[in-house]
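Take a look at the structure below.
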Ligand code: UD1
Ligand code: UDP
């Protein structure tokens, strides 16, 4: 019997770990699975909603780290997870993505000589001003199993000198969740609740520090929404970071002046899937949403100068938009006029990634 810790902490981790948890559970004689939640995200709408929708059990350990600067948050996770490891030594720790919980738990484990697997390995934006890029590089450099979602990941790891024997192209695990729950998501009543119909709204999410932490950056974006809102409804489930910054940066009046804006709290997984499937297009700076929109075939404008997920551009429906009011408006206008890019679904984004991963460890 092998003991495996699955680490979650922030919103994008839950939909990546849920299918893996379920796949491991099929082999109770081989694996004992423990779910560890660092508490990096703690609001009900950023965490518990996903445990409910994704049918995940309560975590075996909840570390309650909460928010803080990078140093404080990472250190708190390391301190608290190390204590767990010392009393409950697993045979394998699996971390996902690129958040602070990912790198902190990976460091704890390798220093205790416990093997680490990194799910969603090899992605690179080549932009070291993003905290996530640092987390990706550090986690990949110390992991024992590097599980990549797309072949560009294998290429990056090779270029960084990582032994190819450690690298496994397993596909995109977010798509496993999306396929598992697509039917349930279709039944969500969120569009009625918000007051929109299929294809008559733009879905917006924003939370990158580069977009929402400076007054000038956030203002540029809201000015664009003001114009786009003249011709379509805008549904904006606002991330807590961005909500706090609207207040802090004094942008409340500008936000209020945006026509047709439906500003709502973050929504659960089924509701958000439903909004994605039915939106005219999506405007986001999220990593995961670039991928999900490609799967759904819904056009996506990504408000960033680069992406660690270029396959969503070369094969999918994604395109990058500059942090300039005019660029956002003009690219939105093209889609509103019905001229949008068609895409295809990349290899191994097929709902079988958890199966491929568990096969490696079996
Ligand atoms: C984090 C990740 C980011 C990921 C995002 C997904 C890092 C460095 N960043 O960014 O990669 O894309 O999650 O959503 O790990 N807050 C709340 N309630 C919560 C959580 C956060 O109010 O449940 C507020 C706090 O004011 C906090 C701020 O949001 O200071 C930022 O939270 P934090 O976890 O530090 O980073 P995110 O911006 O959420
Ligand atoms: N998501 C959600 N509700 C929301 C916003 C996002 O369920 O209100 C989901 C989204 O579908 C995707 C994940 O959260 O599965 C992405 O998380 P986020 O954008 O916070 O993080 P990132 O992917 O940028 O790291």
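Selection within the stretch 1-40: residues that are under 18 Å from residue 83 (Cα atoms) and within 15 Å of the chain's Cα centre (by Cα). The member of this set that is farthest from ligand 2 (Cβ to nearest atom) is 7. Here residue 200 fulfils each of the conditions (1) crowded, with 17+ Cβ neighbours inside 10 Å; (2) away from ligand 2 (no atom under 12 Å from the Cβ); (3) in contact (Cβ under 8 Å) with a residue 40 or more places away in the chain apart from (1). Going residue by residue through the stretch 86-99, is there one that turns out to be more than 16 Å from ligand 1 (Cβ to nearest atom) and assigned to a helix (DSSP H, G or I)? Within the stretch 86-99 (the criterion being more than 16 Å from ligand 1 (Cβ to nearest atom) and assigned to a helix (DSSP H, G or I)), the answer is yes, since at least one residue qualifies. Of the residues 83, 106, the single one that is away from ligand 1 (no atom under 12 Å from the Cβ), surrounded by fewer than 24 Cβ atoms within 10 Å (Cβ to Cβ), part of a helix (DSSP H, G or I) and modelled with pLDDT of 95 or more is 83. If only one of 276, 290 is buried (at least 20 other Cβ atoms within 10 Å of the Cβ), without any contact (Cβ under 8 Å) to a residue 40 or more places away in the chain and under 22 Å from residue 198 (Cα atoms), which one is it? Exactly one residue qualifies, and that residue is 290. Mind listing just one residue for me: the one in the stretch 36-59 that is over 13 Å from residue 267 (Cα atoms) and near ligand 1 (Cβ under 8 Å from one of its atoms) and, of those, surrounded by the fewest Cβ atoms within 10 Å (Cβ to Cβ)? Out of the qualifying residues, it is 42. Checking each residue in the stretch 28-46 for being free of Cβ contacts under 8 Å to residues at least 40 places away in the same chain, in contact with a strand residue (DSSP E or B) (Cβ under 8 Å, 6 or more places away or on another chain) and farther than 17 Å from residue 73 by Cα picks out 32, 33, 35. So, of the residues in the stretch 203-236 that are within 16 Å of ligand 2 (Cβ to nearest atom) and in a loop (DSSP other than H, G, I, E, B), which turns out to be surrounded by the fewest Cβ atoms within 10 Å (Cβ to Cβ)? Looking at residues that are within 16 Å of ligand 2 (Cβ to nearest atom) and in a loop (DSSP other than H, G, I, E, B), I get 213.
Among all positions in the stretch 182-195, there is no residue which is away from ligand 1 (no atom under 16 Å from the Cβ) and either at pLDDT below 95 or closer than 19 Å to residue 10 by Cβ (or both). Check the stretch 12-26 and report whether any residue there is exposed (fewer than 15 other Cβ atoms within 10 Å of the Cβ), part of a helix (DSSP H, G or I) and within 11 Å of ligand 1 (Cβ to nearest atom). There is no residue in the stretch 12-26 that is exposed (fewer than 15 other Cβ atoms within 10 Å of the Cβ), part of a helix (DSSP H, G or I) and within 11 Å of ligand 1 (Cβ to nearest atom).
Would you say residue 9 is on the phi > 0 side of the Ramachandran plot, buried (at least 24 other Cβ atoms within 10 Å of the Cβ) and within 16 Å of ligand 1 (Cβ to nearest atom)? For residue 9, the condition - on the phi > 0 side of the Ramachandran plot, buried (at least 24 other Cβ atoms within 10 Å of the Cβ) and within 16 Å of ligand 1 (Cβ to nearest atom) - is not met. Total residues in the stretch 237-270 satisfying the condition of being within 16 Å of ligand 1 (Cβ to nearest atom), in contact (Cβ under 8 Å) with a residue 40 or more places away in the chain and part of a helix (DSSP H, G or I): the figure is 2.
The values are calculated or read from the model by the stated rules, or taken from the named source; none is laboratory data. No experiment lies behind these values; they were computed from the predicted model shown. Please note: Cβ atoms are built from the backbone with ideal geometry, for glycine as well, and neighbour counts cover all protein chains shown.
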